Every structure is written in structure tokens, then in C-alpha cells.
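The values are calculated or read from the model by the stated rules, or taken from the named source; none is laboratory data. Please read all numbers here as calculations on a predicted model, not as lab measurements. Virtual Cβ from ideal backbone geometry, glycine too; neighbours counted across all protein chains shown. Ligands, DNA and RNA are stripped out before the accessible areas are found, and what is left, the full protein with its side chains, is counted by its heavy atoms. Shrake-Rupley method; radii C 1.70, N 1.55, O 1.52, S 1.80 Å.
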Amino acid sequence: GPVVLLIHGSQSTLRTWDHVAPVLVERGYRVIRYDMPPQGLSGPVSQDAAKALTPATFVAGMLDHAGVDAVDCVGVSSGGTTCMYFAATF
């Protein structure tokens with residue numbers, strides 16, 4: 001089905017979407033959600049990586065790695081800002 005990318009805010013984790021993701025899956029969507037580095041389960045990020053990657057380029061690389069060429073992006077707070085920059089850039 002269509003892909004929905006769910007991005008949490010800066011003071012949260014992918015668990016923000018625990019109640020939303022199952023509903024979307026039941027309705028036929030493929031749901032992608034992740035912990036923005038360095039939050040939740042993602043672990044620490046090196047200074048070099050933090051300087052080289054913006055949140056939008058991180059999303060682009062992750063989706064490319066997953067073989068996703070079209071996505072609807074939904075974000076809360078700074079996750080919404082990431083969606084906006086991702087859409088404007090890619």
C-alpha cells in the first residue's frame with residue numbers, strides 16, 4: 001500500500017505513534033517510523049555525522065535504503081518541520 005512516514009518531535013520517540021500506526025496498517029498503509037538520532041533506540045551520533053546530515057537528508061537516505069520512492073510524511077512539532085524541509089528539498 002501507500003507509504004506513510006511518521007516522525008516524532010524533538011522531545012519524544014517513535015512511541016509517539018503507538019496508537020496511530022496500527023490504525024494506518026489496518027487501513028492498508030505501509031508505516032515507517034523511527035527514532036531520530038540520538039533519541040530512543042537510535043543510539044549516539046558522532047559529531048561528524050551530526051555535522052554532515054540534516055534531518056531531511058537523513059530521511060532521504062533512510063527511504064532510499066528502504067527502496068521507497070514516494071511517501072506521505074506526517075510529523076509532530078520538529079518532526080513536522082523535518083517533513084516540510086524533506087518535501088521542499090526532495
According to the Cα gyration tensor, what semi-axes, each the square root of 5 times an eigenvalue, does the equivalent ellipsoid of the chain have, listed from largest to smallest in whole Å?
-> 21, 16, 12
Checking 47, 11, 39 against a Gaussian network model of the chain (alpha-carbon springs below 10 Å), the top fluctuating residue turns out to be 47
Name the long-range amide H neighbours of residue 40: under 5 Å, sequence gap of 5 or more, or other chain; modelled H, no Pro or chain starts.
-> none
How do 29, 85 stack up against each other in accessible area, from largest to smallest, with a 1.4 angstrom probe?
-> 85, 29
Order the following by accessible area, largest value first: 58, 90. Probe radius 1.4 Å; ligands, DNA and RNA are ignored.
-> 90, 58
What percent does the relative contact order of region 35-90 come to when contacts are Cα pairs within less than 8 Å and at least six residues apart?
-> 28
With Cα coordinates, the longest principal axis of the chain makes an angle with the long axis of helix 78-89, in degrees rounded to 10, of 90
Give me the angle, in degrees from 0 to 90, between the Cα long axis of helix 55-66 and the longest principal axis of the Cα atoms of the chain, rounded to the nearest 10.
-> 60
If we count every other residue with Cβ under 15 angstrom of residue 1's Cβ, Lys/Arg +1 and Asp/Glu -1, where does the sum land?
-> -1
Count charges around residue 62 for me, please; just the other residues with Cβ under 12 Å from its Cβ, Lys/Arg as +1, Asp/Glu as -1.
-> -1
About its Cα centre, how strong a charge dipole does the chain have in debye, to the nearest 20, once Lys and Arg get +1 and Asp and Glu get -1 at the Cβ?
-> 100
Expressed in nanometres to one decimal, the distance between label points 7 Å along Cα→Cβ at residue 48 and residue 10 is 2.6
